[in-house]
Amino acid sequence: MLHIYRFLALVVGLAAIAASGPSFAQRAQGYVLEVGGNVTGQVGTGQPAKVEKGQTLVNNATVTTGPQSYAVLKFEDGTAVLLKENTSFQVQHYTYNPKAPENANVIFNLVRGGLRMITGLVTSRNRDALKVATPLATIGIRGTEFMAELVNPLFLQVISGSITATNTAGTVAFSAGQFAVVTSSATLGGLVPVSQVPPAVFQMPIVPLTPVPVTIPPGTPVGGAIVGGGAAAAAIAIGVAAGVAIFGTTQNQTTTVQH
């Protein structure tokens, strides 16, 4: 009977892990195209680890660049993101299916620092599919190349296409060639002369960005962890605990029978 109980323990453990769903082994949505200097990454609340070229990006992954460092991130639809030094950028949510681009939904999070972005096919059928959240405003992307730098205030530069900036004060649109600033989360963004943009803002590494769709290469996720959230970890813990409990019970039962 002992082997039957052991089998049941294994089944319970695997079932609990499977119940965690896609968060246990997330599908990579992007990867690190280039990296220079001191760049770290983590998934969720996991421990930060050094980021290497070719590592993959999953939902809830954060990439952080140190001083005199940069990273270029590439996503399946072709969207490319250049992170300048002292920047923290999160892939909050990325869903894209080339067979159904109208269902795309992407939310990035610029925690601090600056970026340059050129969008791929993610906005080809749905112009509202891609957003970049910041503490001062959410940037709506309309098939665009733009730069954003969060130095309190938030500065924006539209290179091509158009963007919107939305916060509690409302929504305002900006088009190619314009510079804008958002001074607080309760203040509507407005145009600003380039002469009023601090010299260090928008000083990005010279790296070409191309919005060409790609196949994500195999690789280790940034942060070195595949588990994508607390649900997966909890499921694993439940599974292991259940297995240990059942196994312990069988051991006790076996000992009793022997006596």
**OP:** Considering each of L156, L73 in turn, give the residue that is more than 13 Å from the chain's Cα centre (by Cα) and buried (at least 23 other Cβ atoms within 10 Å of the Cβ).
**Re:** L156
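Residues checked against (1) open to solvent by 10 Å² or more (accessible area, probe 1.4 Å); (2) hydroxyl-bearing (S, T, Y); (3) over 16 Å from the mean Cα position of the chain (by Cα); (4) closer than 21 Å to P208 by Cβ:
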| site | (1), (2), (3), (4) |
| --- | --- |
| P101 | yes, no, yes, no |
| V106 | no, no, no, no |
| V111 | yes, no, no, no |
| T123 | yes, yes, yes, yes |
| K131 | yes, no, no, no |
| T134 | yes, yes, no, no |
| I139 | no, no, no, no |
| G143 | yes, no, yes, yes |
Subject >> Among the candidates V207, V172, residue that is closer than 22 Å to T119 by Cβ, assigned to a loop (DSSP other than H, G, I, E, B) and open to solvent by less than 50 Å² (accessible area, probe 1.4 Å) >> reply: V207
Original post:
Do you know which residues across segment 36-65 are open to solvent by 10 Å² or more (accessible area, probe 1.4 Å), part of a strand (DSSP E or B) and over 19 Å from Y94 (Cβ atoms)?
Top reply: G36, T40, A49, K50
Original post:
Of everything in segment 159-169 that's of a type in the set (A, V, I, L, M, F, W, C) and in a strand (DSSP E or B), which residue is surrounded by the fewest Cβ atoms within 10 Å (Cβ to Cβ)?
Top reply: I159
**OP:** Would you be able to tell me the number of residues in segment 185-204 that are more than 27 Å from P67 (Cβ to Cβ) and part of a loop (DSSP other than H, G, I, E, B)?
**Re:** 6
Original post:
Has segment 84-93 got any residue that is over 14 Å from the mean Cα position of the chain (by Cα), surrounded by fewer than 18 Cβ atoms within 10 Å (Cβ to Cβ) and not in a strand (DSSP E or B)?
Top reply: yes
Subject >> segment 9-35, residues that are of a type in the set (G, A, S), crowded, with 20+ Cβ neighbours inside 10 Å and modelled with pLDDT of 55 or more >> reply: A28, G30
**OP:** Give K74, K84 a once-over and let me know the one that is basic (K, R) and more than 14 Å from P205 (Cβ to Cβ).
**Re:** K74
Subject >> Lone qualifier among V192, V214 - being more than 15 Å from M117 (Cα to Cα) and touching a Lys or Arg at 6+ places or on another chain (Cβ under 8 Å) >> reply: V214
Original post:
Looking at (1) open to solvent by 30 Å² or more (accessible area, probe 1.4 Å); (2) closer than 22 Å to T144 by Cα, which is the only condition V192 fails?
Top reply: (1)
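The values are calculated or read from the model by the stated rules, or taken from the named source; none is laboratory data. The structure presented is a predicted model; accordingly, all values stated were derived computationally and were not measured. Note: ideal-geometry Cβ built from the backbone for every residue, glycine included; neighbour counts use all protein chains shown. SASA here: full protein model, heavy atoms, side chains in, ligands and nucleic acids out. Shrake-Rupley method; radii C 1.70, N 1.55, O 1.52, S 1.80 Å.
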